[in-house]
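Working notes for the structure below.
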Amino acid sequence: MAEYRLTTPLDEAQVMALRAGDVVWVDGHIFGLRDATLIRMFDQGVPVPTDLTGAICLHTAPGVRQVGDRFVKVSIGTTTSTRMNRFTGPLLQLGVRAIAGKGGLLEDATRLLQQYRGVYLGLVGGTAAAETTQIEEIEAVWWTDLMPECLWKFRVKDFGPLIVGIDAYGNNLYLQTKAEALRRVQALGY
Amino acid sequence: MERGWPLEQYEAVTEAVAHLYVKALKDLPPDVRAALEAARSRESSGVGRTILQTIERNIAIADEQSLLICQDTGTPVYFVEVGEESGCNPIRLERAIREGTERATREHPLRSSVVSPISRQNRQTNTGYRVPVIHWEFVAGSPNVEILVIPKGSGSENMSYFRMLLPADGVAGVKRFVVESVVGSGGNPCPPVIVGVGLGGSADLCMLLAKKAIARPCGSINPDPEVAGLEQELLEAINQSGLGPMGLGGATTALAVHVEHAATHISQNPVAVNIQCWAARRGRLTIGPEGEMAIGY
Ligand code: SF4
């Protein structure tokens, strides 16, 4: 369980150093997106309005307050990633290096992360109070008609801890832990 | 109160419900805090400890800075008990609860997570057709009204299960279903969780019992010794799985298992599972016969 501090954008070497079970803290920028954002990007094929090369994309729909034409954070956390599993490939093809969320991704996404040299970073689900304080500012918002499922750009400092749930070597800690847990309870007779 | 609540009383309750909703989202009940602390102190997995420490730090930050514990402000679910002698008109009370929920959403402001199941349209109020969900009970002889709010997060609500088992599957079948449902949910419901189990009744009652079970204080024990034994056994089995915090391995997958039961039909063996995440938010408003209000958990 090594600990890393990463500054975005991420490059291949930074990602390849990480192993499932490691802990990561992030400085720099994180992009927020969710179901509706990804549907617009990839099902509707609307061009992505910003460069996501080396980006960390976080599954989130923040609570915000509008002040003039700007948005100020109220509560920013994360959501269950498996709902957005099928968008893993398209995101990686845009150059995204890390997908962050909670609950992990499935087998096919694990293989895609290995192929494109990306990782999945698990936040501690439900810890929005801490995460909100680690987000310094909402720097940009695109597609506000999808509120709260817009494309967000957050500037972060000491953002974490994020746990490497899936590394670029095909290890998926979520699926491994669950399979082992099911085996154990079956062995107990359940 | 012979003639019933004055109209101002409903306005006061609307305001109190708005306050209650936000308070519940910021201030985790002491029983849940204690269970999380106990889980952290016995956790031996490094990743598990990191997660439980982060949860505790998160709760402390929410306390200090008056922030929401989790960004998912949930589906508003209320359990309301109206005392026979309270003088409360439930139709007006229902309106007050709805308006209080909307007021909290607008004034805090809170993210609205409630949409139409067909158009997916969000009114930005955290309410909609038949939502808030309100479960009513009427209590003979009581002068009080009690409003319990559960802002129910979706990561855990999505991990809800129901099955009509056969009588021949017995309690063994029930246990297997519960354990497999919880462990099979992996990290999605944000473990460590409170597991609510409904046993018996009709299909609708069974699911409601599971929801009542998660609404109990964390770690409370069913007064029926047979049911209490089942709670204990299920808790041990689920934790022996090693699924752990966030499904990444460790000693505590569940903080508690609560079972609520009801009589059922001779040819049925219904079981329901409703999971509550570690952010097991709960707020209680008690209104006395003179209109005096107390807020608790
Ligand atoms: S499951 Fe609970 S703790 Fe996790 S994100 Fe949803 S509301 Fe928050």
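The values are calculated or read from the model by the stated rules, or taken from the named source; none is laboratory data. Model, not experiment: these values are computed from the prediction. Here the Cβ positions follow ideal geometry from the backbone for every residue, glycine too, while neighbour counts run over all protein chains shown. Just the protein is used for accessible areas: all its heavy atoms, side chains included, with ligands, DNA and RNA removed. Shrake-Rupley method; radii C 1.70, N 1.55, O 1.52, S 1.80 Å.
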The distance between the Cα centres of the range A:141-190 and the range B:110-151, in whole Å, is 30
Under 4.7 Å Cβ to Cβ, no partner at all: give me those cysteines from chain B, in residue order. B:CYS70, B:CYS88, B:CYS206, B:CYS218
If you bin the C-alpha pair distances of chain B every 5 Å from 0, what whole percents do you get? 1, 5, 12, 15, 16, 16, 14, 11, 6, 3, 1, 0, 0
Just to confirm, what accessible area per residue do you get for the range A:3-187 at 1.4 Å probe, in whole Å²? 37
Kindly report, to the nearest 10 Å², the accessible surface of B:GLU226 as traced by a 1.4 Å probe over protein heavy atoms only. 150
Ignoring ligands, DNA and RNA, how much accessible area is buried between chains A and B, both sides summed, with a 1.4 Å probe, to the nearest 100 Å²? 3500
So how much slack lies between B:LEU166 and B:SER267, counting 0.36 nm per residue of separation and subtracting their Cα-Cα distance, in nm? 35.6 nm
Note the count of lysine pairs whose C-alpha atoms are less than 23 angstrom apart in the protein assembly as shown, limited to pairs 8 or more residues apart or on different chains. 22
Please average, across the residues of B:47-55, the number of beta carbons from any other chain that are within 10 Å of each residue's own beta carbon, and give a whole number. 5
Indicate the gyration tensor shape class of the range A:3-187 (rounded, prolate or oblate), computed on the Cα atoms with a ≥ b ≥ c the square roots of the eigenvalues: a/c under 1.5 is rounded; otherwise a/b larger than b/c is prolate and the rest oblate. prolate
B:ARG95 to A:ASP145: FRET efficiency via 1/(1 + (r/R0)^6), r the Cβ-Cβ distance, R0 41 Å, to the nearest 0.05? 0.80
Here the range B:155-276 gives, from Cα atoms, an Rg and Dmax in Å of 13.1, 41
Under 19 Å from the 7 Å Cα→Cβ point of B:GLU226, by amide nitrogen: which residues of the range B:143-175? B:165-175
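When ligands, DNA and RNA are left out and all protein chains stay put, how many square angstrom of accessible area per residue does the range B:155-276 have with a 1.4 Å probe?
The answer is 34 Å² per residue.
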Theoretical gain in end-to-end length, A:ARG155 to A:GLU180 [0.36 nm per residue, Cα-Cα removed]: 5.2 nm
Comparing each residue of the range A:96-139 in the complete protein assembly with the chain by itself (heavy atoms, probe 1.4 Å, ligands and nucleic acids ignored), those losing at least 30 Å² of accessible area are A:LYS102, A:GLY103, A:VAL124, A:GLY125, A:GLY126, A:THR127, A:ALA129, A:ALA130, A:THR133
Does a label point 7 Å from the Cα of A:ASP43, set along Cα-to-beta-carbon, have any residues of the range A:119-163 with amide nitrogen under 17 Å, and which are they? A:145-151
When all protein chains stay in place, what accessible area (Å², nearest 10, 1.4 Å probe) is found for A:GLU180? 70
